[in-house]
Amino acid sequence: MTIASKTVSDVIHSHLGVLTRAEKQLAESLLDNYPVSGLGSITTIAENAGVSTPTVVRMVQKLGFKGYPDFQAHLHQEVEATISNPIAKHDRWAQNAPGTHILNRFADAIMGNLRQTLTDLDTATFDSVAALLSNRKRGLYFVGGRITGALAEYFFTHMQVIRPATTLLSSNSSSWPQYVLNMNAGDILIIFDIRRYEQEMVSLATAARKRGAEIIVFTDQWGSPAAKLARHAFRVRIEAPSAWDSSVVTLFIVEALIEAVQNSTWDETKERMKTLEGLFEQTRLFRKPG
């Protein structure tokens, strides 16, 4: 994978094992308040990290950048990408759109997102999250933003069938303190937050952590600020030839987790499903064939 397909944060993390002591000190300083910490002059960055300017030059070259200006240009591109509104994203794609049908362009983009996400995704992280969600002693709380709220509700709806103690937070952030009040140590808060990150998510994650809750975040390749408070974070590729970001790969991971949890607790889940089907019969929710 080339630098162009990675975030600067990813590049730094992947090189930590080969950095010198001074370079690691610089790397930690950059990651501490990323990406803002890397947007100053080379002198400022060196002073903030307590290293020399030659150390900065050596490290960015070791990371694979041509020099400090190239390193900072990548950071600026990241910042621009994370704050882009739908109009800006549409214009950027329109300028480079190939002369193929939109279905083909979308398919190429989504398949690329899926491949890159699976390359970056640690299966041990996936298994750990599945185990946490399967633990019925832990309450589950789900929340999303203006668009990702639909993903949070989808995840919640399925998990509500699989196991008890599941809660979908209201879209009204002013009511969130009441939900946090009911959280116990060991409960899980699942947050969906992609670029143009919603400010309230960090406040919610902070409050939940103070109650002893574990945080799981679904975000994009750049990373929601709330991900810094998470025990586990899924960083998913979301770019698409559209004014809107794609939720396809995020939904893919969600559905894989649903199956993993369902499979690991199948005996209990099957009994819940039988009971639920009986309730559907009573309420005549679904039309019968014939």
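Looking across Arg231, Arg287, Arg237, Arg272, one residue alone is charged (D, E, K, R), within 24 Å of the chain's Cα centre (by Cα) and modelled with pLDDT under 95. It is Arg237. Among the criteria (1) of a type in the set (Ser, Thr, Tyr); (2) open to solvent by 70 Å² or more (accessible area, probe 1.4 Å); (3) over 19 Å from Leu133 (Cβ atoms), the one Ser224 does not fulfil is (2).
Hey, among the residues in the range 197-247 that are touching a strand residue (DSSP E or B) at 6+ places or on another chain (Cβ under 8 Å) and of a type in the set (S, T, N, Q), which one's farthest from Ala107 (Cα to Cα)? Result: Ser224. Every test in (1) within 15 Å of His15 (Cβ to Cβ); (2) at pLDDT 90 or above; (3) open to solvent by 30 Å² or more (accessible area, probe 1.4 Å) is passed by Thr43 save one, and that test is (1).
The requirement of being open to solvent by 60 Å² or more (accessible area, probe 1.4 Å), in a loop (DSSP other than H, G, I, E, B) and closer than 28 Å to Glu78 by Cβ is fulfilled somewhere in the range 136-159, by at least one residue. Could we say that Glu198 is in a helix (DSSP H, G or I) and within 18 Å of the chain's Cα centre (by Cα) here? So Glu198 does not fit the description; no.
Thr219 meets the conditions (1) open to solvent by less than 20 Å² (accessible area, probe 1.4 Å); (2) free of Cβ contacts under 8 Å to residues at least 40 places away in the same chain; (3) not in a strand (DSSP E or B) in every case but one. The failed one is (3). Scanning the range 203-228 for residues that are modelled with pLDDT of 95 or more, more than 19 Å from Gly149 (Cα to Cα) and not charged (D, E, K, R) gives Thr206, Ala207, Gly212, Ala213.
The values are calculated or read from the model by the stated rules, or taken from the named source; none is laboratory data. Quantities reported herein were computed from a predicted structural model and do not represent experimental measurements. Ideal geometry is used to build each Cβ from the backbone, glycine not excepted, and the neighbour counts take in all protein chains shown. The area values use the complete protein model at the heavy-atom level, side chains included, leaving out ligands, DNA and RNA. Shrake-Rupley method; radii C 1.70, N 1.55, O 1.52, S 1.80 Å.
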